[in-house]
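**Q** Once you've had a glance at the structure underneath, I'll fire off some questions.
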Amino acid sequence: MPRPLTPKERDLVVYILGQSSSSHGDFNLVEDMNDGGMGSLRFVGSADRSLGKCIGEAEFDDADGVPVSVALNMDQRGELFELDLWKVDFSPLRRIAALAELRPPMSGRRRTSE
């Protein structure tokens, strides 16, 4: 069921987008994805959308100290598609970090399950 972004989710999207957030349309409504509780979101849009490309990434440490990798993906039309969160130990997400705790991704750390 669609819901609005929380303030911390919105901060995370804006952090990744930088100042170009207005060029990717309205990104207020999302749906939680079935990802084992890691916090991934799909932006509400037309039913015929598919994954396009990753447009930015970030990282933060969860409340338990486990790193969380974040990717912001567009659909094939250039609209926001999903905010993909992946906790490196696959455990459920405890929190989304505050804006001051977000950082660019460390090079070399990539998902191995895909």
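Rule-based calculations on the coordinates, nothing more; no lab input. What you see is a predicted model; the values in this text were computed from it and never measured. Methodologically, a virtual Cβ is constructed for each residue, glycine included, from the backbone with ideal geometry; neighbour enumeration extends over all protein chains shown.
**Q** Under a crude label model (7 Å from the Cα following the beta-carbon direction), how far is Leu99 from Asp48 in nanometres?
**A** 3.8 nm
**Q** Mean residue ellipticity at 222 nm from the helices of the chain, using -39,500 (n - 2.57) per DSSP H segment of n ≥ 4 over the full residue count, to the nearest 500 deg cm²/dmol?
**A** Mean residue ellipticity, 222 nm, calculated: -3000 deg cm²/dmol.
**Q** Over the chain, what relative contact order in percent results from Cα pairs under 8 Å that are six or more residues apart?
**A** Worked out over the chain, it gives 27 percent.
**Q** What angle, in degrees between 0 and 90 and rounded to the nearest 10, separates the Cα long axis of helix 7-17 from the longest principal axis of the Cα atoms of the chain?
**A** So the inclination is approximately 80 degrees.
**Q** Students often get this wrong, so try it: which of (1) 14.8; (2) 16.3; (3) 14.3 is Kirkwood radius over Cα pairs in Å as calculated from the structure shown?
**A** Computed from these coordinates, Kirkwood radius over Cα pairs in Å corresponds to label (3).
**Q** Right, next: By how many nm would the segment from Asn34 to Ser91 grow when fully extended, if each residue of separation counts as 0.36 nm and the alpha-carbon distance is taken off?
**A** 19.2 nm
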